[in-house]
Structures are given as structure tokens and as C-alpha cells.
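Derivation of every value follows stated rules applied to the coordinates shown; laboratory data play no part. Keep in mind it's a predicted model, so treat the numbers as computed, not measured. Cβ coordinates were reconstructed from backbone atoms using ideal geometry, including for glycine residues, and neighbour counts include every protein chain displayed.
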Amino acid sequence: MTGARITVDYDAKALDAALSQAVAALDNPIDLMDAIGAVIEEAIDRRFDTASDASGSAWAASLRARQGERGGKTLTDTGRLRASISRAVSGSDVAVGTNVEYAAIHHFGGEIERPARTQVLAFNDAGRFQSRKDSRARRDGVQPIAIATIGATTITMPARPFLEIDTVAEADIADVVQDFLRKSLNT
């Protein structure tokens, strides 16, 4: 061979031992999966803080947010959805999500069909709507004065993707994996 040459010698036993340690650590990666799940939960929490999807596009503001009601933040009426985000680790898998029944319609968007219904209406002395339920109106000392028939309606809910990870989370996950492998090689 002419020109330049580099020769690399390595200790095959040391390399084999190090790789064996890494493989052994990956045989039971529950701690790794838990750490990755924590990073994903943090990324989802950022979705609620920024009211945007993973690409940074703002969610369509909810009516309450536009009117400044109940804190004025989209998807945070009661905080139940945000608080429900959790992770489940088993073996080499981690799942991050929510069991809240209305999560899917908020994440993916879609149409909500409400059937026609009859409703009791009550108004207070000032002429303001008091209650939709007969029992509540009576408890508040206001008697129902009308029964209204409300026609069927369809509400279009815009998608507000919150179960996403962004580039920050992707980098954090890579760091978690590197740290895990580094620690498994140093033990």
C-alpha cells in the first residue's frame, strides 16, 4: 500500500465485555423506558403551556379562551385533561397517554353530533338565564318558566394535537439513551 496508512488495534476481550454489558442492560430496559416516558410527558406538558402543536403552530383558540373565561386557556377548562397524562412502562415498551374520554376529539378534531332534546329553562328576577335543570332551578329558588326544544346540531371541533413530541424532546430522548448506555458500560 502506498501513501498513508493508519492501523487500529483494539482489545477484543474488552470490546466484547463492554458490548455484553450494554446488551445486558438492554435486556431489561425498564429504567430506560421510564426515563423516555418522562421526557414524553414533559413534551406533552409543553403543548399545554404553549397552546401549540409540536411544530409550533398555535391551536385554534377555544371559545372560552377567546372570551377569557376560566383562565382563558384552550384545553384547560378544569385541568383534568392535562393532569391525566401518564405513562405505563412494561418490558421494553412505554405508552404515554390519557384515559379521558374526550381526549381524542380534542387531539384529532372532528364532528360532534348532538341530538334534538328538550330542556327546562329558568330565569331569575333580572331576566338572566338561571339553570338548565329543573331541580337546580328549584333549589336556587327560581321556578322553571319554559320548556324549550333544541334541535339537533353538529359541532366541528378543530384538531388541537397535544399528544406529540417536538424536536426538543427528540434530542432529550437521544440524551437519555446515550446516558443509559454510558452508565451501563461503566458499571
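So for Leu63, Leu163, fewest C-beta neighbours within 10 Å to most, what's the order?
Going from least to most buried by this count: Leu63, Leu163.
Report, by chain and number, residues whose modeled amide H sits under 5 Å from the one on Ala159, excluding near sequence neighbours (fewer than 5 apart, same chain).
Those lying under 5 Å, H to H, from Ala159 are Gly110.
Could you list Thr153, Thr76 in order of exposure, starting from the residue whose Cβ has the fewest other Cβ atoms within 10 Å?
Taking fewest neighbouring Cβ atoms as first place, the list is Thr153, Thr76.
Can you sort Thr118, Thr50, Thr74 so the residue with the fewest Cβ neighbours within 10 Å comes first?
Listing Thr118, Thr50, Thr74 from fewest to most nearby Cβ atoms yields Thr118, Thr50, Thr74.
For segment 11-105, what is the relative contact order in percent, using Cα pairs closer than 8 Å and at least 6 residues apart in sequence?
Across segment 11-105, relative contact order equals 29 percent.
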